[in-house]
Amino acid sequence: MKVTMTVNGRPMSAETEGRTLLSSFLREGLGLTGTHVGCDTTQCGACTVHVDGEPVKSCTVLAQDVAGKSVTTIEGMANKDGSLSVIQQAFQDHHGLQCGFCTPGMVMISAALLNEKPNPTEEEVRHYLKGNICRCTGYHNIVKAVMAAAGADSRKLAAE
Amino acid sequence: MHNFDLVKPSSVAEAVAALGSEGAQALSGGQTLLPSMKQRLAAPERLVSLTDIAEMKGVCRGEEGLVVGAATPHGVVAREAKAHYPALAWLAGEIGDPSVRARGTIGGSLANNDPAACYPAAALASGATIVTDRREIAAGDFFQGLFTTALEEGEIVTSVRFPLPERAAYMKFAQPASRFALVGVFVAQFADGVRVAVTGAGEDGVFRWTEAEGALSADFRPEAVEGLSLSAEGLLGDLHGTPAYRAHLVKVLTKRAVAAA
Ligand SMILES: Cc1cc2nc3c(=O)[nH]c(=O)nc-3n(C[C@H](O)[C@H](O)[C@H](O)COP(=O)(O)OP(=O)(O)OC[C@H]3O[C@@H](n4cnc5c(N)ncnc54)[C@H](O)[C@@H]3O)c2cc1C
Ligand code: FES
Ligand code: FES
């Protein structure tokens with residue numbers, strides 16, 4: 001069955017089976033491989049994208065179940081001129097990534113948080129990012145990056 | 001995952017009809033069913049998605065309490081139940097993580113009856129009524145052991161009705177890897193007494209700690225359960241906690257819930 005949804009502001013279609021996951025639809029159907037699949041078991045959050053503005057783990061959503069909806073992926077996060085968005089730039093500035101595998105999911109979940117709560121506390125950031133796992137950074141620089149993106153003075157955060 | 005057909009009915013009646021076919025199963029948020037299908041623990045031939053059924057969604061204050069549509073995601077309950085039933089809203093907001101809460105639903109959680117799930121504790125402690133496409137089931141009759149409920153083949157939960165307690169609180173000791181409850185205790189005080197429901201600990205799933213209910217109905221203070229001890233017999237034991245450890249946690253969390261209510 002052909003499924004169409006609005007991806008990063010543009011209508012896009014690909015053939016699907018009943019079992020086609022949103023992550024496969026994006027990566028294999030549309031070639032948008034910025035969305036990573038880490039665990040495929042709903043644990044790691046690497047595959048996080050937004051559906052109608054809400055974060056979801058795209059490895060645990062059926063493409064046909066969200067047909068017609070509006071999806072935002074990491075490919076839709078940069079500014080129109082191609083420069084990095086505030087959140088992406090903050091991850092770079094604060095070393096919020098090492099290997100980068102978790103980063104698309106981290107950026108998407110952080111964007112969802114800041115949409116919901118533009119000025120979160122450090123505790124709120126950690127709580128919101130619970131479902132996104134990073135095996136490299138130890139999280140601290142990720143939290144710093146999110147706080148900095150929210151306009152907080154990240155130098156005030158503890159060093160570890 | 002084996003392949004299947006997905007159908008998306010827009011009413012409860014259509015969904016029930018679609019579930020009548022051989023090998024059909026309901027799909028709500030998919031946060032439990034899709035992972036188990038990937039592990040080939042389930043292989044339905046047809047999934048009937050409940051996500052587009054408007055009559056199964058939303059949180060509404062009625063005469064008999066708070067009515068939550070079965071297809072309402074946890075995140076919506078966390079936001080919309082806050083003004084009416086803060087303990088229930090808090091519980092919903094602590095399930096998994098924001099992405100799980102955006103998809104996972106109360107109906108899926110109750111129908112699945114995972115022994116470590118949070119909502120069964122709220123339903124049992126509140127004396128909730130589970131409303132299905134064909135009848136109403138008291139929470140006390142609904143949960144029938146690990147992953148087992150009173151639901152018949154093809155029957156779907158359409159909403160859950162929670163009587164509103166005078167005071168209530170849920171305390172959860174999260175298993176850090178899964179974020180489910182290693183032990184969770186929901187305490188609710190009504191005019192006619194206190195109900196205490198425990199999840200994460202029972203070999204047969206959620207249960208009421210009646211001894212604590214008696215003590216707390218007489219004296220609603222954390223100290224009231226101090227002298228009680230829950231037997232470890234019939235409690236779950238695994239690498240995360242022995243039955244004795246879980247029994248201890250039940251008491252600690254009950255006291256904390258009473259203090260927080
Ligand atoms: C990482 C992670 C962390 C989690 N943490 C927690 C936690 O801390 N606490 C907790 O309680 N849960 C937790 N969960 C489980 C989560 O709450 C699930 O959403 C829930 O158990 C199932 O709801 P669902 O809507 O996703 O149901 P689905 O996965 O779609 O369905 C589950 C089962 O219920 C049946 N079903 C679904 N809806 C209905 C209905 N209306 N009527 C009849 N049958 C129905 C389905 O056929 C299936 O058998 C977690 C899940 C994940 C992936
Ligand atoms: S790949 Fe989806 S949660 Fe890990
Ligand atoms: S940067 Fe390597 S997993 Fe997060």
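With a cut-off of 13 Å between beta carbons, the residues surrounding A:Q43 carry a summed charge of +3, where Lys and Arg count +1 and Asp and Glu -1.
Only protein heavy atoms count here; on that basis, with a 1.4 Å probe, B:D114 has an accessible area of about 30 Å². Under 16 Å from a point placed 7 Å out from the Cα of A:Q98 along the Cα-to-Cβ direction: which residues of segment A:125-160 have their backbone N that close? Taking a point 7 Å out along Cα→Cβ of A:Q98, the residues of segment A:125-160 whose backbone N falls under 16 Å are A:133-144, A:160. When B:T199, B:T210 are compared by accessible area at a 1.4 angstrom probe, the order from most to least is B:T210, B:T199.
Computed from Cα atoms alone, the Kirkwood hydrodynamic radius reported for segment A:29-160 is 14.9 Å.
Between B:D192 and B:A42, the modelled label-to-label distance comes to 3.5 nm, taking each label 7 Å out from Cα in the direction of the beta carbon.
Distance between Cα centroids, segment B:1-67 to segment B:186-206: provide it in whole Å. If you average the Cα positions of each part, the centres end up 28 Å apart. Please work out whether segment B:55-211 counts as rounded, prolate or oblate from its C-alpha gyration tensor, where a ≥ b ≥ c are the square roots of the eigenvalues and a/c under 1.5 means rounded, while otherwise a/b larger than b/c means prolate and anything else oblate? Taking the square roots of the gyration eigenvalues as a ≥ b ≥ c, segment B:55-211 is rounded. The gain in end-to-end length when the A:C39 to A:Q89 segment is fully stretched comes to 15.4 nm, 0.36 nm per residue minus the alpha carbon separation. All other residues with a Cβ under 14 Å from the Cβ of B:G202 taken together, and with Lys, Arg as +1 and Asp, Glu as -1, what is their net charge? Residues near B:G202 contribute -3 overall. Mean residue ellipticity at 222 nm, helices only, chain B: -8500 deg cm²/dmol; runs of at least 4 DSSP H residues each add -39,500 (n - 2.57), and the sum is divided by the number of residues. Our summary gives segment A:86-151 a relative contact order of 54 percent, counting only alpha carbon pairs under 8 angstrom and 6 or more residues apart.
Straight-line cross-link partners of A:K156 among the lysines, defined as a Cα under 24 Å from its Cα and at least 8 positions apart when in the same chain: A:K117, A:K130, A:K144. Sorted from greatest to least, the principal axis extents spanned by the alpha carbons of segment A:77-136 come out as 33, 26, 17 Å. Using a probe of 1.4 Å, the accessible surface attributed to B:T51 totals some 30 Å² when neighbouring protein chains are kept in position. Remind me, relative contact order of chain B in percent, using alpha carbon pairs under 8 angstrom and six or more residues apart? Averaging sequence separation for qualifying contacts and normalising by length gives 15 percent for chain B.
Antiparallel beta bridges, as assigned by DSSP with both residues in the protein assembly as shown, represent about 85 percent of the total such bridges.
Across the protein assembly as shown, Cα-Cα pairs more than 29 Å apart make up 48 percent of the total. The slack between B:Y245 and B:S178, meaning 0.36 nm per residue of separation minus the straight C-alpha distance, is 22.3 nm. A 1.4 Å probe run over segment B:167-260, with the rest of the protein chains in place, finds 44 Å² accessible per residue.
The values are calculated or read from the model by the stated rules, or taken from the named source; none is laboratory data. Here the structure is a predicted model, which is why all the values come from computation and not from measurement. Ideal geometry is used to build each Cβ from the backbone, glycine not excepted, and the neighbour counts take in all protein chains shown. Side chains included, ligands, DNA and RNA excluded: accessible areas come from the protein's heavy atoms. Shrake-Rupley method; radii C 1.70, N 1.55, O 1.52, S 1.80 Å.
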